[in-house]
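Readers should treat all values here as calculations from the given coordinates under stated rules, not as data from a laboratory. What you see is a predicted model; the values in this text were computed from it and never measured. Backbone-built Cβ (ideal geometry, glycine too); neighbour counts: all protein chains shown.
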Amino acid sequence: MSKLRVAAFSLSVDGFGAGPEQSLNDPLGKRGTELHEWFFATRTFRAMDGQGGGSDGVDEKYASAGNTGFGAFILGRNMFGPVRGDWPDETWKGWWGNNPPYHAPTFILTHYPRAPIVMEGGTTFHFVTGGIEDALEQAEAAAKGKDIKIGGGVSTVRQYLQAGLIDEMHFAIAPVVLGKGEAMFAGIDLPSLDFRIAAHEATEKATHIVLRK
């Protein structure tokens, strides 16, 4: 049976998963890239970027586990791109070029319908207007027993958390203080949602925390 997971999700020490003022030039918000330094150096990221080499060890272990083996993905509208409101045309197809890193059916939460987009490498973007539970139902059918990853952003993770639908979360806490941005846990009581810390490991660039029910 599929599990709904958050994996390889970077946070600042003060709990922000993205910086403020997301834009075409700053897709992760101002200073948002600082949260992902642990990931950029790994073998997994470098392979995704068409490069060789990269680090092994603990950071690579979590990078690999957080980016492989999923049967479907769920993304928020802002994670897919900077376009707001109704789709003006069919031009925007994501941040990632012709071959996005998902390689599986990927469901985009939106209020505005749009036809599916078939990309290279096995990724098809499906646009879901029926809300988070509708997206999860479609993702479960597409995943065929494999786990489903919530790819972000913060608002999407929070919605699934508050609905009690997430089974496991891995956060990489970067040694960065942002001060402002998109706060992951504001107003959320994790113990009341039955999460416990199942694992924690620290490296030079991140502290990895796994929470499970």
Just grab the label-to-label distance for Thr124 and Arg196, each label 7 Å out from Cα along the Cβ direction, in nm (one decimal).
4.1 nm
List the chymotrypsin sites (Phe, Trp or Tyr not before Pro) in the range 85-171 that DSSP assigns to loop (not H, G, I, E or B) and whose Cβ has at most 16 other Cβ atoms within 10 Å. Which are they?
Trp92, Trp95, Trp96
Can you tell me the mean projection area, over all orientations, of the convex hull of the range 127-213's alpha carbons? Units nm², please.
7.0 nm²
³J(HN,Hα), Karplus 6.51/-1.76/1.60, whole Hz, each residue of the range 107-119, x for Gly, Pro:
10, 9, 6, 7, 8, 10, x, 7, 5, x, 10, 8, 10
Taking a quarter of the surface of the Cα convex hull of the range 1-126, what do you get in nm²?
9.0 nm²
Using the beta-carbon distance between Ile188 and Trp96 and R0 = 22 Å, what value does 1/(1 + (r/R0)^6) give for FRET efficiency, to the nearest 0.05?
0.15
Need one number: % antiparallel among DSSP beta bridges in the chain, to the nearest 5.
45 percent
What are the residues whose amide H is under 5 Å from the amide H of Ile74, where those residues sit 5 or more places off or on another chain and H is modelled from the backbone?
Phe107, Lys149, Ile150, Gly151
Can you return the lysines within cross-link range of Lys144? Criterion is Cα-Cα under 19 Å, with same-chain partners fewer than 8 residues away left out.
Lys3
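For the range 143-213, which GluC sites (Glu not before Pro) pass both filters: DSSP loop (anything but H, G, I, E, B) and at most 15 other C-beta atoms within 10 Å? Each step should come with its number before you reach the end.
On the way: sites: Glu168, Glu182, Glu201, Glu204; in loops: Glu204.
Taking the range 143-213 and a limit of 15 other Cβ atoms within 10 Å, the loop GluC sites (Glu not before Pro) found are Glu204.
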Could you list log10 I(q)/I(0) for the chain at q = 0.07, 0.11, 0.16 Å⁻¹, which the Debye formula gives when each Cα is one point scatterer?
-0.20, -0.50, -1.16
